[in-house]
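Below is one structure; the comments refer to it alone.
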Amino acid sequence: MNERQLQFANGQRIPYTLKVSAKRRTIGLRVDGAGLTVHIPKRVTQKSVEILLQDKSDWILKKLEELQQRALPFAWQDGITLQYLGQGIQLSLHQDIKTRAVEFDNARLYLAFPKTDDSAAVHRKVAQWYAKQARIDFSRRIELLSTKLGVDAPPLFLSGAKTRWGSCNSRGEIRLNWRLIQAPPHIIHYVVAHELAHLKEMNHSAKFWAWVGKLCPDYVAVRQELKAMSAQLHLI
Ligand SMILES: [Zn+2]
């Protein structure tokens, strides 16, 4: 398996997985809970894969959007690929009546359960693990970017909102969606920068965007990118 990124002409980027198969004769695309997967025969160049993906960009975006609308129940099975900081990680479920261990090592999230087919329990455990990593990662970014902005680091609350990635209230508290921890670091950086900029300007005026631009100069492209991957990040 091979994690790649597709970049469209407008700067929008979409992660995808490349799978090479000796048996295939044609290139196949699949969009599902794991995002976009491209199946290719052996000896196909990266260049021709990219040309095809650019050609199919409308179809790919439409499929990703449809997925979000249908809100398919996610299949919590051993071996599925999850996203963590923009990288594919493998979920590894192990039956164990004694321990409920959670370990992350070498792009593998290892969970031990008495019953590995208990999807609700698996979901809960994975969400807890994500939330824990999210708190550590987001706090560090808030610390760093607050210093750059010259404000006191605000208190962080994690949210699980289905519709928004972050918010900042009049008490100066910041809420960030734990699902963002699935996204690449530069996306998280943008959302943190956006919410912190609200400590300077409680609106979306030109002044506000100027503060965002100080922390995240390419915010226009990054916003587009976040929009494009929102469906995928909300699958879990
Ligand atoms: Zn805002």
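Please treat every number below as a calculation from the coordinates, not as lab data. Predicted model only: the values in this text are computed from it and were never measured. Quick reminder, even Gly has a Cβ in these numbers, built from the backbone with ideal geometry, and neighbours come from all protein chains shown.
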Whole-number Å³ per residue for the convex hull built on Cα positions in the chain: 144 Å³
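Size of the dipole of the range 2-70 about the Cα centre, Lys and Arg at +1 and Asp and Glu at -1 on the beta carbon, nothing else charged, in debye to 20? It would help to have the intermediate numbers written out before the result.
Working: 14 positive and 7 negative charges, 93 e Å.
Rounded to the nearest 20 debye, it is 440 debye.
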Under-5 Å amide H pairs with D32, H placed in peptide plane, nonlocal only: T37
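Select from the chain the helices, each a whole stretch of DSSP H, whose alpha-carbon atoms run 15 Å or more along the helix axis and whose Kyte-Doolittle mean is at least -1.0; answer none if there are none. Walk me through the intermediate numbers first.
Numbers: long enough: 57-70 (20 Å, -1.11); 119-149 (43 Å, -0.37); 185-197 (18 Å, 0.68); 219-233 (20 Å, 0.15).
Helix filter hits for the chain: 119-149, 185-197, 219-233.
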Built amide H within the under 5 Å cut-off of I80, gap 5+: L91
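Expressed as a rounded percentage, what relative contact order does the chain have, with Cα pairs under 8 Å and six or more residues apart?
Numbers: 365 pairs, mean separation 42.8, N = 236.
So the answer I get is 18 percent.
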Förster-model FRET efficiency, 35 Å R0, D117 and K62, C-beta, rounded to 0.05: 0.60
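One-quarter of the Cα convex hull surface for the range 180-236, in nm²? Let's see the in-between values first.
Working: hull surface 15.7 nm².
Seen from a random direction, the Cα hull of the range 180-236 projects 3.9 nm² on average.
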3J(HN,Hα) from dihedral phi, the range 105-114, Karplus parametrisation 6.51/-1.76/1.60, rounded to Hz, x for glycine, proline: 7, 6, 6, 10, 9, 9, 10, 10, 9, x
In order through the range 6-14: 3J(HN,Hα) via Karplus (6.51 cos²θ - 1.76 cosθ + 1.60), integer Hz, x for Gly, Pro: 9, 10, 8, 4, 7, x, 5, 10, 10
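Between S159 and V20, take the C-beta separation as r, use R0 = 35 Å, and let me know the FRET efficiency to the nearest 0.05.
After rounding to 0.05, the efficiency reads 0.35.
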5 angstrom amide H check on F157, placed H, neighbours 5+ away: I174, R175, L176
Per-residue HN-Hα couplings for the range 15-20 [Karplus 6.51, -1.76, 1.60; θ = phi - 60°; Hz; x = Gly/Pro]: x, 8, 10, 9, 10, 9
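Rounded to the nearest 5, what is the percent of antiparallel bridges among the DSSP beta bridges in the range 2-70? All intermediate terms of the calculation are to be shown ahead of the outcome.
Details: 11 of 17 bridges.
About 65 percent, rounded to the nearest 5.
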Among G172, W129, T37 the positive-end extreme of the charge dipole of the chain (Cβ point charges): T37
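Give me the dipole magnitude in Debye, nearest 20, for the chain about the Cα centre, with unit charges on the beta carbon: positive for Lys and Arg, negative for Asp and Glu. Numbers along the way, then the final one.
On the way: 35 positive and 21 negative charges, 82 e Å.
My answer is approximately 400 debye.
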Neighbourhood net charge (9 Å Cβ-Cβ; Lys/Arg +1, Asp/Glu -1) for P185: 0
Cβ-defined net charge surrounding L36, 15 Å radius [Lys, Arg +1; Asp, Glu -1]: -1
Fraction of beta bridges assigned by DSSP in the chain that are antiparallel (%, nearest 5): 60 percent
Mean-position separation - Cα centroids, the range 45-124 and the range 129-155, in angstrom: 26 Å
